[in-house]
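One structure below.
The values are calculated or read from the model by the stated rules, or taken from the named source; none is laboratory data. Every value quoted in this text rests on a predicted model; they were computed, and no experiment measured them. Virtual Cβ from ideal backbone geometry, glycine too; neighbours counted across all protein chains shown. Only protein heavy atoms, including side chains, enter the accessible area calculation; ligands, DNA and RNA are left aside. Shrake-Rupley method; radii C 1.70, N 1.55, O 1.52, S 1.80 Å.
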Amino acid sequence: MSVEVSIIIPIKDETDQFIGKCLESLEKQKYGGSFEILVVKGGNRAQARNFGIRMAKGEIIAFIDSDCVAPDNWLSSLVSSLKRDKTLGGVGGINFSPPDGTYLSKAIDFVFSSFLGSLGSASLYTPSKPRFVNALACINSAFWRKILEEIGGFDEEFELCEDTNLSYKVRRKGYKLLLDSRIFVWHYRRDTLRGFAKQFFAYGKGRMQSILTGREYASKSIIVPFIGALILPLFAWLLPLLFIASFSVYFTVIFVKGFQGAIMAKRWRFVILIPLLFIIEHLSYFFGLIYGVFRGRWKRKEEKCEVFYHAVVQKAAR
């Protein structure tokens, strides 16, 4: 049986608590043809995805994470968008917390929907219309297999930001990347403030280690605020009034966002929760960046990967 698309899902080990829901949603895809699902266990995400690419049979490689659930038109939307424009190397979408998500996850959704809460990250931000981007997140994306093979897949030393690394290599070959907010998956987010803080500390650490590994990952949206935060004590000493004014603007903006979120969601606790999430996110990311400086550039670690689950799904053409 010929397979057009291979869906690759990395997991750390067999204790993954969400993989069952993810697989169930993939097996219900309304896709006119056959596709395969490969769950790869072990290694870091870059290693697991590379292993999956080597095992895959499809000419299109789709990526999703185990803690995501895909609507039934997810795969067909990705594939049709990718085929529509021959200049595209990859297509990706966005993610929301699921309908049964926690109270906290709904507030996180609102934070991520703003540029202040996402800094334009393809894995977080929700653009109003499809647009070309610098990077796609492998939580929800698809690429031509021949292009992935052409660029040598993921650089396996990257334990985080591996999708940014892959996207850079695709664009360096002259291909475009399209982010379409109409293509989405439901993503089970961190369900505690502590977990949210740890997540963004890891993001910051990973971004800095990526910057130290290759200058192409040093975007202005990251470096300028980081340097500004580092010189904040000097700024406060030399220009105290401007320092106070800047912080007043910041707190005004995040509390306005809190009121907006509360009105939209009709949840008045968001007035406090959303500003708190902004503060936790920004502080955690900043200290993660600092920690990443001491960790240094990424270093390759050899780890074994294996196919944990494989299935071929055959759907009648529609």
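Is the shape of the stretch 21-72 best called rounded, prolate or oblate, per the rule: a/c under 1.5 gives rounded, else a/b larger than b/c gives prolate, else oblate, with a ≥ b ≥ c the square roots of the Cα gyration tensor eigenvalues? Because a/c hits 1.5 or more and a/b fails to exceed b/c, the stretch 21-72 counts as oblate.
Can you classify the stretch 171-230 as rounded, prolate or oblate using the Cα gyration tensor, where a ≥ b ≥ c are the square roots of its eigenvalues, rounded means a/c under 1.5, and otherwise it's prolate if a/b beats b/c and oblate if not? Verdict is oblate for the stretch 171-230. Here, P(r) means the percent of Cα pairs in each 10 Å bin from 0 to the largest distance; for the chain it is 6, 25, 34, 23, 9, 2, 0, 0.
Sparsely packed loop sites in the stretch 1-109 (the chymotrypsin sites (Phe, Trp or Tyr not before Pro) outside DSSP H, G, I, E and B with at most 16 other Cβ atoms within 10 Å) comprise Phe18. Taking 0.36 nm per residue of separation and subtracting the current Cα-Cα distance, fully stretching the chain between Arg172 and Lys129 would add 13.1 nm. For Lys266, the lysines whose Cα comes closer than 21 Å to its Cα, not counting residues fewer than 8 places off in the same chain, are Lys106, Lys257. Sorted largest first, the principal axis extents computed over the alpha-carbon atoms of the stretch 124-206 equal 40, 33, 17 Å. Hey, what angle do you get for helix 74-84 against the long axis of the chain, alpha-carbon based, 0 to 90 degrees rounded to 10? For helix 74-84, the angle is close to 80 degrees. With contacts taken as Cα pairs under 8 Å at a separation of at least 6 residues, the chain carries a relative contact order of 26 percent. Rolling a 1.4 Å probe over the heavy atoms of the protein chains gives the chain an accessible area of 50 Å² per residue. Over the chain, dividing the summed -39,500 (n - 2.57) contributions of all DSSP H runs of at least 4 residues by the number of residues returns a 222 nm mean residue ellipticity of -15000 deg cm²/dmol.
When you count the other C-beta atoms within 10 angstrom of each residue and take the mean per peptide, 289-295, 86-92 line up highest first as 86-92, 289-295. Relative contact order of the stretch 1-68, taken over Cα pairs closer than 8 Å and 6 or more residues apart, is 57 percent. Solvent-free Debye calculation, one equal scatterer per alpha-carbon of the stretch 62-115: log10 I(q)/I(0) at 0.12, 0.22 Å⁻¹ equals -0.39, -0.94. Taking a ≥ b ≥ c as the square roots of the eigenvalues of the Cα gyration tensor of the stretch 1-160, is the shape rounded (a/c under 1.5), prolate (a/b larger than b/c) or oblate? Because its axes are fairly even, with a/c under 1.5, the stretch 1-160 counts as rounded. With R₀ set to 41 Å, the beta-carbon distance separating Val224 from Met55 gives a calculated FRET efficiency near 0.45.
Based on Cα contacts under 8 Å between residues 6+ apart, the stretch 109-203 shows a relative contact order of 29 percent.
Excluding residues on the same chain fewer than 8 positions from Lys205, give the lysines whose Cα lies under 19 Å from its Cα. Within reach: Lys220, Lys299, Lys301.
Computed extension gain for Arg297 through Lys12, at 0.36 nm per residue and net of the alpha carbon distance, reaches 100.3 nm. Computed over protein heavy atoms with a 1.4 Å probe, the carbon and sulfur contribution to the accessible area of the chain reaches 60%.
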